[in-house]
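J.: Below you'll find the structure I mean.
Bear in mind that the values in this text are calculations on the coordinates, not laboratory data. Nothing here was measured: the structure is a model prediction, and the numbers come from that model.
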Amino acid sequence: MARIVALDFGKVRTGIAVTDELQIIASGLETVETKNLLDFLKNYVQQEKVEKFVVGEPKQMDNTPSESEVLIKPFLLKLTAAFPEIPIVRHDERFTSKMAFQTMIDSGLNKKQRRNKALVDEISATIILQAYLEKTAF
């Protein structure tokens, strides 16, 4: 099997998470500057077999797209052009940043460590991927 890569896309930074080859466990991989994201993914795909990309879908509480969706759509076109053979699925990312922050508190990170926005993005991507795996497991 191949890995699934999840992206918590942001204007400045994007958190990245991946599954193991059996697609059982989601783990944080890295947070990269969004301007370098496609280059990072091209290098990653050369080294690892990737089955699909799961990209967070930001929504308002009323289920309408959030303002940041405007930034994601052009990226999705570039991602599709760069990897036409790898499907892209979207997954609701509501509350992932809050959940990531709570995960940091629960794991005992101090205030300074919790201010690390790159770590929040990576944990958010992991939460998106884990939720996607749980949703598709049945």
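J.: Using a Gaussian network model on the chain with a 10 Å cutoff between Cα atoms, which of 56, 28, 108 fluctuates the most?
T.: Between 56, 28, 108, it is 108 that shows the largest mean-square fluctuation.
J.: Which residue, 37, 77, 29, tops the fluctuation ranking in a GNM of the chain built on C-alpha contacts under 10 Å?
T.: 77
J.: I'd like the Karplus ³J(HN,Hα) series for the range 11-26: coefficients 6.51, -1.76, 1.60, θ = phi - 60°, whole numbers in Hz, and an x wherever there's a Gly or Pro.
T.: Values per residue, Gly and Pro as x: 4, 9, 10, 10, x, 10, 10, 9, 8, 6, 5, 8, 6, 9, 10, 9 Hz.
J.: How large is ³J(HN,Hα) for each residue in the range 120-129, as worked out from phi by the Karplus curve 6.51 cos²θ - 1.76 cosθ + 1.60 (θ = phi - 60°), to whole Hz, x for Gly and Pro?
T.: 4, 5, 5, 5, 4, 4, 5, 5, 4, 5
J.: If I build a Gaussian network model for the chain, linking alpha-carbon pairs within less than 10 angstrom, which residue out of 87, 74, 58 has the largest mean-square fluctuation?
T.: Largest GNM mean-square fluctuation: 74.
J.: So what J values fall out for the range 37-46 if you push phi through Karplus, 6.51 cos²θ - 1.76 cosθ + 1.60 with θ = phi - 60°, rounded to Hz, Gly and Pro as x?
T.: For the range 37-46, the Karplus-derived couplings read 4, 4, 4, 4, 5, 4, 5, 5, 5, 5 Hz, x marking Gly and Pro.
J.: Antiparallel DSSP bridges in the chain: what percent, to the nearest 5?
T.: 55
J.: Amide H to amide H, which residues 5 or more places from residue 55 or on other chains are under 5 Å from it, using H placed in the peptide plane?
T.: Under 5 Å from the amide H of residue 55 lie the amide H atoms of 7, 89, 90, 91, each far enough along the sequence or on another chain.
J.: Here's something else I'd like to know. Quick one: which residues, 5+ away or cross-chain, put their amide H under 5 Å from the amide H of residue 29? H built at 1.01 Å from N.
T.: Long-range HN contacts for residue 29: 16, 17, 18.
J.: Taking H placed 1.01 Å from N in the peptide plane, check which residues at least 5 places from residue 10 or on another chain put their amide H under 5 Å from its amide H.
T.: So residue 10 has HN proximity to 15.
J.: Moving on. Which lysines does residue 117 reach when only Cα atoms under 20 Å apart count, and residues fewer than 8 places away in its own chain are ignored?
T.: 11, 35, 98
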